[in-house]
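Read the structure below first, then the notes.
The values are calculated or read from the model by the stated rules, or taken from the named source; none is laboratory data. Note that this is a predicted model, so its numbers are computed, not measured. A quick note on method: Cβ atoms are made from the backbone with ideal geometry, for glycine too, and the neighbour counts reach across all protein chains shown. When the accessible area is computed, the model is the full protein with side chains, heavy atoms only, and any ligands, DNA or RNA have been set aside. Shrake-Rupley method; radii C 1.70, N 1.55, O 1.52, S 1.80 Å.
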Amino acid sequence: MKNVTCIEDLRVLHRRRVPRAFFDYADGGSYSEETLRANRADIEHIRLRQRVLVDVSSRSLATTILGQKVSAPFALAPIGLTGMQHGNGEILAAQAAEEAGIPYTLSTMSICSIEDVAEATTKPFWFQLYVIKDRGFSKDVLSRAAEAKCSALVLTVDLQVLGQRHRDIKNGMTVPPEIRLANIIDIGTKPAWIWGILKGKSKTFGNLAGHVKGMENVNSLAQWIQSQFDPALSWKDVEWIKNIWPGKLIIKGILDPEDAKMAVKLGADAIVVSNHGGRQLDGAPSTISALPGVAQAVGSDTEVLFDGGIRTGADLVRALALGARACLIGRAYVYGLGAGGRAGVSKAIEILKNELSVTMALTGTNRVADIGPNIIVGGETKKKPTRKRKG
Ligand SMILES: Cc1cc2nc3c(=O)[nH]c(=O)nc-3n(C[C@H](O)[C@H](O)[C@H](O)COP(=O)(O)O)c2cc1C
């Protein structure tokens, strides 16, 4: 990892070390990948104001998210099948996040289960839920998350139907990978990856196996999942979740101000401005372009989190300047995991923190709370909206 200086270096290593089907699964987006590209292109386009001769010797990256103290304004996003990028992937990422003092979010579609991650960590993590047709499963998995002392629920609402990812179909990307000659040859050249997966605690959907009647093997579970996405999902279900989940509620997948207002009305503690990393509605706006409108629509009682395209510390500053309280990091840490397991995730977090610190210094900023629109070229006269925090 000595020569790794940026997230792109981790991406290159990830591509080299992990079978193509899984790398592409992480790297790709839906359909023509327009929105995936827009997430990066639009964020890169934002220019920061260089300020000089400001005393920035007492900088701090620390802040709070939903009242929780964090060492930097970001958390690890929920990522399905993390344990197929590296054996025990969810456990390793959660441990790296805990060590770094930032929250980790476990996906419903994880390989390691809620209980596996709880056993391997000492601090509460966040749990992400997809509400599927089988509401009994949703209820059951929520009690498991509460039992495991998960401190927040991230309710993902942008996946009622699945956006097609061409790369996954072409690669035969399933769990386990479809047995194709190309896959066998490819996997055969990745012995370290195989060894890690073989040693891993779980090789199936950890949160589902043993909790869905009659679906004991990985193939039947994968088919069950496909049939369980629920096009009938509505705001009523959010109300239902709000009533049965005892902790903080974060609604993830908001891109439109009207939806943001609805989430606030139903009592969300936070929302995540997200287009699922360009993996769902292709043609949707980039998250960074949607952020200011959504942030404005949300009152001061609900925190605005952001994800999509964050690859540098400067990107974190850009998102915070445009109204986010904190960000979720997706691929940036998955690349780290694929590149080097837990050390790779720690490296990704360290890179982002260092870049954030330098960006703050060169924009004349000492505290995360001071990052506002005035830090952006063209935003000189705009003031950061004052937000009262809940709880
Ligand atoms: C490989 C992969 C799997 C994902 N799985 C989930 C998931 O299980 N649940 C969820 O809410 N979001 C999921 N997402 C979306 C992320 O949580 C996040 O919104 C997105 O990755 C942010 O964009 P970024 O990767 O550019 O940082 C996934 C994203 C990727 C790349």
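Rounded to the nearest 10 Å², what accessible area does residue 84 have for a 1.4 Å probe in the complete protein model?
Rounded to the nearest 10, the figure is 10 Å².
When the chain is treated as a GNM, springs tying every alpha-carbon pair under 10 Å, which of 114, 376, 251 comes out with the largest mean-square fluctuation?
In this elastic network of the chain, the residue with the biggest mean-square fluctuation among 114, 376, 251 is 376.
Summarise the accessible area of the chain (1.4 Å probe, protein heavy atoms) by the percent that is carbon and sulfur.
Solvent-exposed carbon and sulfur of the chain make up 54 percent of the total.
Just to verify a number: what accessible area does residue 8 come out at with the full protein assembly present, 1.4 Å probe, Å² rounded to tens?
We get 90 Å² for residue 8.
If you average 1/r over all unlike Cα pairs in the stretch 1-104 and invert the result, what Kirkwood radius do you get in angstrom?
For the stretch 1-104, inverting the mean 1/r across all distinct Cα pairs yields 17.0 Å.
From the cross-link list 2/382; 149/382; 248/347, which pairs have alpha carbons spaced over 32 Å apart?
2/382; 149/382, as the Cα separations exceed 32 Å there.
Per residue, how much accessible area does the stretch 129-271 show when a 1.4 Å probe rolls over the protein heavy atoms, in square angstrom?
Value returned for the stretch 129-271: 51 Å² of accessible area per residue.
In the stretch 1-155, what percentage of the DSSP-assigned beta bridges are antiparallel, given to the nearest 5?
Percentage antiparallel, nearest 5: 30.
If each of residue 180 and residue 122 carries a label point 7 Å out from its Cα toward its Cβ, how far apart are those two points in nm?
4.6 nm
Any idea what angle helix 235-244 forms with the longest principal axis of the chain, computed on alpha-carbon atoms, 0 to 90 degrees, nearest 10?
80 degrees
Rank these by accessible area, largest first, 1.4 Å probe: 265, 201.
Per-residue accessible area, sorted high to low, gives 265, 201.
Can you give the angle from 0 to 90° between the axis of helix 89-100 and the longest principal axis of the chain, with both taken from C-alpha atoms, to the nearest 10?
30 degrees
Calculate, in nm to one decimal, what residue 350 and residue 169 gain on full extension: separation in residues at 0.36 nm each, minus their alpha carbon distance.
Working it through step by step, the gained length comes to 61.7 nm.
Please find the FRET efficiency linking residue 223 to residue 139, where r is the Cβ-Cβ separation and R0 is fixed at 22 Å, and quote it to the nearest 0.05.
About 0.50, to the nearest 0.05.
Helix-only mean residue ellipticity at 222 nm, the chain, DSSP H runs n ≥ 4 weighted -39,500 (n - 2.57), per residue, nearest 500. What is it? Kindly include the intermediate steps, with their values, before the conclusion.
Working: 15 runs with 167 residues, N = 391.
That comes out to -13000 deg cm²/dmol.
With the radius of gyration and the Kirkwood radius both derived from the Cα set of the chain, what is their ratio Rg to Rh?
Rg/Rh for the chain comes to 0.95.
Given R₀ = 25 Å, FRET efficiency for residue 261-residue 161 by Cβ-Cβ distance, to 0.05?
In this case the efficiency is close to 0.60.
What order do 47, 135 take when sorted by accessible area (1.4 Å probe), most exposed first?
Most to least solvent-accessible, the answer reads 47, 135.
For residue 353, go through the lysines and keep the ones whose alpha-carbon is under 16 Å away, minus same-chain ones fewer than eight residues off.
69
Can you bin the stretch 99-193 into rounded, prolate or oblate? Criterion: square roots of the alpha carbon gyration tensor eigenvalues sorted a ≥ b ≥ c, rounded for a/c under 1.5, prolate for a/b above b/c, oblate for the rest.
oblate
Summing Lys, Arg as +1 and Asp, Glu as -1, what charge do residues with Cβ under 14 Å from the Cβ of residue 125 carry, residue 125 excluded?
-3
Helix 331-362 against the longest principal axis of the chain: what's the angle in degrees, Cα atoms only, rounded to the nearest 10?
With both axes taken from Cα atoms, the answer is about 0 degrees.
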